[in-house]
Every structure is written in C-alpha cells, then in structure tokens.
Amino acid sequence: MNKTKQCIILSAINLYNKRGFTNVLNQDVAKETGISLSNFNYHFPAKKDLILAVCAYLSLELEIRISRDKLFSGNFIGLEITKIFLEFEMDFKFFYLDTFNILNSYPEIKVETVRQVNNAVEMIKNLNFMSIGKGYLKPEPIDNPGLYDHIAHQLWMQSFFWYAQSDFRNLKDNTIIKKGLESSYAIIYPYLTKIGIEKYQEYLINVN
C-alpha cells in the first residue's frame, strides 16, 4: 500500500471514531489527510472503496495483534484474548458503535466479519481447552457436553458488544477495558479451578 492511501485510511478511522461513520464525507477525509479531493478520488473514487479498504486494514491489524501476543505459547490465561479484543474495539470504536448499518450496507464486509467471528470463537474454545490442560479450568461435565462451546460463544458476545453497551451507558473510557475483563471473569468464574481463580485474579490486579 502506498503512503498516501495509508494516510487516507488512518485519517478516515480518526474521523469515523470522532464523528461516527455515517457523519463523515469523502471531502472531510481529504481535508483531514491534507490532500485535494481530486487526489482523494484518485485513490478512492467512492465511499465504498474507502470503507472496504478501512475494514481490510482492521482485519490485518487484528491478526497482527493476536499473533504478536503469542496467545498459544507461554503462561497465558483466557482473559488475554479478551483484552486484545477490548483494546481493538477502543481503537476502532466506530465499527462497533455502528456494526449493524455497516454490515447491512456492505455485504463484502459482512462476509469477512463472519469469518473473523468464527475464528474468534474457535480461538476462545482452543484457549479454554488449553486452560483445562494447565489446570486452570475444570474439565467439561460429562452430563453437559458442549458446555464450553456455549461459554466460548458467550465470551465472544460479551467482548464484541462490550464497547457499544459501555458507550450507551456513558462509562468512562479509562474504565471500559478493566470492567470488560471483570465481566468476562464473572462468566468463566464458576468453571475455574482454585489455581485458575488465583491466576485470573492476579491478572486482573496487574492488568494495565
């Protein structure tokens, strides 16, 4: 990607976050980037071209953050993936505040988002399975097969919609991530072992 395109994308994200996705015009993004509208239109002839590029940038950025944290190696706990998701939502809040409209307006983005959601749920399932092996999570009850699959979906839903409901309730930005982690902990708490509870509580105390 050339430098001008990247600057346009970053400027668009900044404005979307400040004003909301539907309230930003192409000329606003051009002005924010410091280029002429004709130069902007050369790179992105229509708003659809821009939002597709922005969402492609978001997809790549999320994958980078997940791979950078090396979740499946070392002494991890399940809340680490939740923290990545919550921080990501804070940085790209426009998408999570207007998800329904964006996905219904741009089917291509909906397809990619569904793929990401499925990947996220599978990742949570795998982290839960590994937590059982580490002794942090109780084995799944024999009389309730599939329980941890449901828990994985519940943890995903809680994190995906956390920023939107926090904004609706006017929670302060500096408390959103911590409270989101505490909410995820409350979901998983009944299934943690004693050592798992200790590890999760230690993580919550030390989280930045």
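The values are calculated or read from the model by the stated rules, or taken from the named source; none is laboratory data. Source: prediction; values computed, not measured. Cβ coordinates were reconstructed from backbone atoms using ideal geometry, including for glycine residues, and neighbour counts include every protein chain displayed.
Restricting attention to segment 16-35, which residues are within 17 Å of residue 46 (Cβ to Cβ) and either of a type in the set (S, T, N, Q) or assigned to a helix (DSSP H, G or I) (or both)?
Within segment 16-35, 16, 21, 22, 26, 27, 28, 29, 30, 33 meet the criteria.
For segment 106-127, state whether one or more residues are outside any loop (DSSP other than H, G, I, E, B), surrounded by 14 or more Cβ atoms within 10 Å (Cβ to Cβ) and in contact with a strand residue (DSSP E or B) (Cβ under 8 Å, 6 or more places away or on another chain).
no
On the given criteria, is residue 131 farther than 20 Å from residue 162 by Cβ, in contact with a strand residue (DSSP E or B) (Cβ under 7 Å, 6 or more places away or on another chain) and at pLDDT below 95?
yes
Among the residues of segment 29-60, write down those that are crowded, with 17+ Cβ neighbours inside 10 Å and among the charged types (D, E, K, R).
32
Out of (1) farther than 30 Å from residue 133 by Cα; (2) modelled with pLDDT under 95, what's the single condition that is false for residue 82?
(1)
Among 163, 148, which is the only one that is under 15 Å from the mean Cα position of the chain (by Cα), surrounded by 13 or more Cβ atoms within 10 Å (Cβ to Cβ) and not aliphatic (A, V, I, L, M)?
The match here is 163.
Out of everything in segment 128-142 that is within 13 Å of residue 197 (Cα to Cα) and not aliphatic (A, V, I, L, M), what residue ends up being surrounded by the fewest Cβ atoms within 10 Å (Cβ to Cβ)?
Within segment 128-142, the match that is surrounded by the fewest Cβ atoms within 10 Å (Cβ to Cβ) is 135.
On the basis of being surrounded by 13 or more Cβ atoms within 10 Å (Cβ to Cβ), under 29 Å from residue 168 (Cβ atoms) and not assigned by TED's automatic domain parsing to the domain that holds residue 11, does residue 79 make the cut?
Considered against the rule, which asks whether it is surrounded by 13 or more Cβ atoms within 10 Å (Cβ to Cβ), under 29 Å from residue 168 (Cβ atoms) and not assigned by TED's automatic domain parsing to the domain that holds residue 11, residue 79 comes out as yes.
Given the criteria in a helix (DSSP H, G or I), without any contact (Cβ under 8 Å) to a residue 12 or more places away in the chain, among the small types (Gly, Ala, Ser) and assigned by TED's automatic domain parsing to the domain that holds residue 188, does residue 166 qualify?
no
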